[in-house]
1. Suppose every K and R has +1 on its Cβ and every D and E has -1 on its Cβ; what is the size of the dipole of the stretch 154-289 about the Cα centre, in Debye to the nearest 20?
2. Report, in debye and to the nearest 20, how large the dipole of the chain comes out about its Cα centre when Lys and Arg carry +1 and Asp and Glu carry -1 on their Cβ.
3. Can you give me the Kirkwood hydrodynamic radius for the stretch 218-293, using every pair of distinct Cα atoms, in Å to one decimal?
4. Stokes-Einstein at 25 °C, 0.890 mPa s, Kirkwood radius from Cα pairs: D for the stretch 154-289 in µm² s⁻¹?
5. Report the FRET efficiency, 1/(1 + (r/R0)^6), for A236 and D11, where r is their Cβ-Cβ distance and R0 is 45 Å, rounded to 0.05.
6. So what's the chain giving for Rg/Rh, alpha carbon basis, Kirkwood Rh from the mean inverse pair distance?
7. Pairs K251/K314; K251/K306; K99/K252: which are spaced more than 28 Å apart, C-alpha to C-alpha?
8. Using only the alpha carbons of the stretch 115-215, determine the length spanned along each of the three principal axes and report them from longest to shortest in whole angstroms.
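Rule-based calculations on the coordinates, nothing more; no lab input. Bear in mind the structure is a predicted one, so any value in this text is a computation, not a measurement. Here the Cβ positions follow ideal geometry from the backbone for every residue, glycine too, while neighbour counts run over all protein chains shown.
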Amino acid sequence: MNILAQQDIGDTAWDAFCATSPDAWLRHTRAFMALSLTLDPHARDYSFGVMRDGALVAIVPLMCQGSEGQREFKMGGTPVPYPALAHDVTPEERADILKVIFDEVARLAKVNEVHAATMFVDPLAASSPSLRENPLVPFGFDDTSITTTCVDLRRDEKELLAAMAKGHRSDVHFAQKAGYAISCFDSRSFTHELAQMYTKIYFAAAGKEVGAPLRWEKTFDLVRRGDAFVVFGSPANGGEYVSCAMVFAYKKSAYYAQSALLPDARFAYRGLGHLMQWEIMQRLRQNGFEQYDIGWQEKPEDSTPKEQAIARFKRLFGGTLLPMYRGVRTW
């Protein structure tokens, strides 16, 4: 086995590998990594692959952020994803390949003066449900696992509604009767004007401009590629949009990425956010998606009261709490 830098593998071969690996999800792809590099001016890409007998058998997205003395392997403030291996490797081969991978991660940390690595196993990867313990621990990582809330979209509409908390279900029905309008746009319908509207709402909600233009260009590239879609909410058909959200969608799994609401609309339209989530679930089901990760659930001691309230909002949509294996290693 030998190591090959991502630049020598090429974006096309890298993404083709992601498409067939059960360990890979959108966060492993080059488009997502390009987005992550825009979130930190000091970001560097040390991603690599493992070759065996001339074939690619593993890829390792390895972003580095932070300046001198504070450099760590992270992806835009979040953990880098666990390596993705080829679908046909045996358990014995897998163990050998992973040893090579984590030896190389340690070597790269040393030569580039990286002091820590934060990594996680993407719960949306097809291989994740088979895991029964944190696979990072044997490689020197301290266990920092949390949970995430996933909605099983293989259920019918009645089952999905019944699984919601009573209050959430009531808010969805209220919003429907009030005539709120939810509009979805994907690679076929997304325009430059919609991108501008999205950032206008997002910046207004934040009270300032957030992120450099390149960040938003790479974010909207995911929509144009077909790996994400955006949703807008309005208090009435034909009315001005007052809220927006983005969903990452890859293979048969989707992830609720971000959302924003105009300040003046925060308390004016009961159930608008609930209806947006319901319409997102419906759209995903209609397009053959099987699971929807509506949000990570950080431990209360590691989150603010606002973050805890958002986490509770997500839990009440009737999803199942699944383990999200995560770890930190320091050198």
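1. Numbers: 19 positive and 13 negative charges, 88 e Å.
The calculation lands at about 420 debye.
2. Here the size comes out at about 1000 debye.
3. Radius from the Kirkwood sum: 13.1 Å.
4. Calculated translational D: 158 µm²/s.
5. 0.55
6. Dividing the radius of gyration by the Kirkwood radius yields 0.97.
7. Listed pairs above 28 Å: K251/K306; K99/K252.
8. Rounded to whole Å, the extents work out to 53, 42, 29 Å.
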